[in-house]
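For reference, the structure discussed in these notes is given below.
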Amino acid sequence: METNESYLESVKKQFLYYKMLGEKSIDQLEPEQLFIALNEDTNSIATIIKHISGNMLSRWTDFLTSDGEKEWRNRDAEFENDLQSKEEVLEIWNKGWNIFFDALNNLKPEQLSDIIYIRNEGHTVIEAINRQLGHYPYHIGQIVFYAKQLKNSSWNSLSIPKNKSGNYNAEKFAKEKEIKNFTDDELNRLK
């Protein structure tokens with residue numbers, strides 16, 4: 001049971017970390033930059049956020065009791081760029097994350113081996129969480145990369161800045177060894 005509790009605590013911190021990376025990227029952009037798509041085959045940051053949120057709402061509403069691909073979800077519409085303002089983008093972003101964290105925070109360690117379904121395919125709760133731990137950071141990486149491209153040289157790094165690895169490692173190795181989640185320091189640094 002202790003391992004399951006540790007797992008839940010770890011994934012909550014990791015998802016919070018990726019949420020913060022997305023938000024820190026969005027914060028660096030002018031509102032109109034959220035809606036830029038380079039060509040027909042790319043999505044704007046607003047569209048990526050709309051998709052992430054749609055996925056979260058579908059997957060995490062009634063997470064333990066209904067299929068994760070809800071009948072009311074229109075995945076194709078998530079890729080239509082119809083959001084008009086930064087406020088709308090942030091509203092849909094927070095709506096998805098709120099439903100996700102509500103579901104995750106209400107999970108009990110003993111439920112991690114329960115079976116849930118996504119498109120009629122059975123997953124343990126751990127597998128479903130891991131599936132999203134691959135999916136959401138994938139899209140948040142797109143957001144960070146795209147934001148960095150749009151911002152260009154005035155980008156405030158969200159990770160170890162270029163040519164600063166030596167300093168970063170020196171700080172880490174100057175401390176005593178300890179067991180903790182890597183996100184503990186990163187979340188504090190990004191605040």
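Residues in the range 138-171 that are closer than 14 Å to Ile49 by Cβ and open to solvent by less than 60 Å² (accessible area, probe 1.4 Å): His139, Ile140, Gly141, Ile143, Val144, Tyr146, Ala147. One residue stands out in the range 162-191 among those that are in contact (Cβ under 8 Å) with a residue 40 or more places away in the chain and of a type in the set (A, V, I, L, M): the one that is nearest to Asn43 (Cα to Cα), namely Leu190. Quick one: would you say Glu110 is open to solvent by 30 Å² or more (accessible area, probe 1.4 Å) and part of a helix (DSSP H, G or I)? Answer is yes for this residue.
Is it true that some residue in the range 83-100 is closer than 25 Å to Thr3 by Cβ and of a type outside the set (D, E, K, R)?
Yes; the residues of the range 83-100 include at least one that is closer than 25 Å to Thr3 by Cβ and of a type outside the set (D, E, K, R).
Among residues belonging to the range 1-60 that are β-branched (Val, Ile, Thr) and not in a helix (DSSP H, G or I), point out the one that is surrounded by the most Cβ atoms within 10 Å (Cβ to Cβ).
Within the range 1-60, the first condition is being β-branched (Val, Ile, Thr), and the residues that meet it are 3, 11, 26, 36, 42, 45, 47-49, 52.
Right, trim to not in a helix (DSSP H, G or I) and you get 36, 42.
Values: Ile36: 16, Thr42: 12.
Of everything passing the filter in the range 1-60, Ile36 is surrounded by the most Cβ atoms within 10 Å (Cβ to Cβ).
Checked against (1) among the charged types (D, E, K, R); (2) surrounded by fewer than 16 Cβ atoms within 10 Å (Cβ to Cβ); (3) at pLDDT 95 or above; (4) in a loop (DSSP other than H, G, I, E, B), Asp82 passes all but condition (3). Cβ-Cβ distances below 7 Å connect the following pairs, each with a first residue in the range 141-161 that is closer than 14 Å to Met20 by Cβ, a second residue that is charged (D, E, K, R), and a separation of six or more residues or different chains: Leu158/Lys24.
The values are calculated or read from the model by the stated rules, or taken from the named source; none is laboratory data. None of the values given here were measured: they were computed from a predicted structure. When we count neighbours, we look across all protein chains shown, and the Cβ atoms used for this are built from the backbone with ideal geometry, even at glycine. What goes into the accessible areas is simple: the full protein's heavy atoms, side chains included, and nothing from ligands, DNA or RNA. Shrake-Rupley method; radii C 1.70, N 1.55, O 1.52, S 1.80 Å.
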